[in-house]
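**Q** Input: one structure, supplied below.
The values are calculated or read from the model by the stated rules, or taken from the named source; none is laboratory data. Source: prediction; values computed, not measured. Every residue, glycine among them, receives a Cβ derived from its backbone with ideal geometry; neighbour counts consider all protein chains shown. Heavy atoms of the whole protein, side chains included, go into the accessibility calculation; ligands, DNA and RNA do not. Shrake-Rupley method; radii C 1.70, N 1.55, O 1.52, S 1.80 Å.
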Amino acid sequence: MHELAIVEGILGTVIPEAEKHQVKKILNINMRIGELSGVVESCMQEYFSIASAGTIAEGSKLILKPSPIKINCPDCGYDGTIKKGQYACPECGSFRFKILSGREYYIESIEAE
Ligand SMILES: [Zn+2]
């Protein structure tokens, strides 16, 4: 039910904001989803269409773009991305790296008319 809470959070942010700007209809909501956030895209889409029904966001598209996992390795100084499922520094193999981003999810932009 993690995704339902996220979807409600998105609509709770987007709809009042759109109404403030006299938007008639929300077309697209672009979101960044960190690869470590655990958000399941198909669940998001499903909950989104249910939760947006009857609102100005009804029929709009939720576009989810993955946001890469970024780390910083204190052993070799590597500062960059790693792939999901990779749990060691790609430069030196250290497991002591710090995750800088990849757990977050946020609204990047909204297209409306
Ligand atoms: Zn390293």
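**Q** Given a 1.4 Å probe and heavy atoms of the protein chains only, how would you sort Arg96, Arg32, largest accessible area at the top?
**A** Arg96, Arg32
**Q** Across bins of 10 angstrom width beginning at 0, how are the C-alpha pair distances of the chain distributed, in whole percent?
**A** 14, 38, 23, 16, 8, 1
**Q** A further question follows. Given a 1.4 Å probe and every protein chain left where it sits, what share in percent of the accessible area of the chain is carbon and sulfur?
**A** Here carbon and sulfur together make up 53 percent of the probe-accessible area.
**Q** Any chance you could give the angle, 0 to 90 degrees and rounded to 10, that helix 2-20 forms with the longest Cα principal axis of the chain?
**A** Roughly 50 degrees between the two axes.
**Q** Still on this structure, I have one more. Expected output is a single nm value to one decimal: the length gained when fully extending between Asn28 and Cys76, i.e. 0.36 nm times separation in residues minus the C-alpha distance. What is it?
**A** 13.1 nm
**Q** Leaving out ligands and nucleic acids, note down the accessible area per residue over the stretch 21-113 with a 1.4 angstrom probe, in whole Å².
**A** Computed with neighbouring chains in place, this is 61 Å² per residue.
**Q** Just how many pairs of Lys in the chain have C-alpha atoms closer than 27 Å, counting pairs that are eight or more places apart or on different chains?
**A** Count of close lysine pairs: 15.
**Q** Now a separate question. Using 7 Å Cα-to-Cβ label points, what is the Gln86/Leu100 separation (nm, one decimal)?
**A** Result for the modelled spin labels: 1.5 nm.
**Q** Add +1 for every Lys or Arg and -1 for every Asp or Glu among the other residues with Cβ under 14 Å from the Cβ of Glu35, and state the total. Each step should come with its number before you reach the end.
**A** Working: positive: Arg32, Lys65, Lys70, Lys83, Lys84, Arg103; negative: Glu41, Glu104.
Spelling it out: positives minus negatives among the neighbours equals +4.
**Q** Can you give me the angle between helix 41-51 and the longest principal axis of the chain, using Cα atoms only, in degrees from 0 to 90, rounded to the nearest 10?
**A** 20
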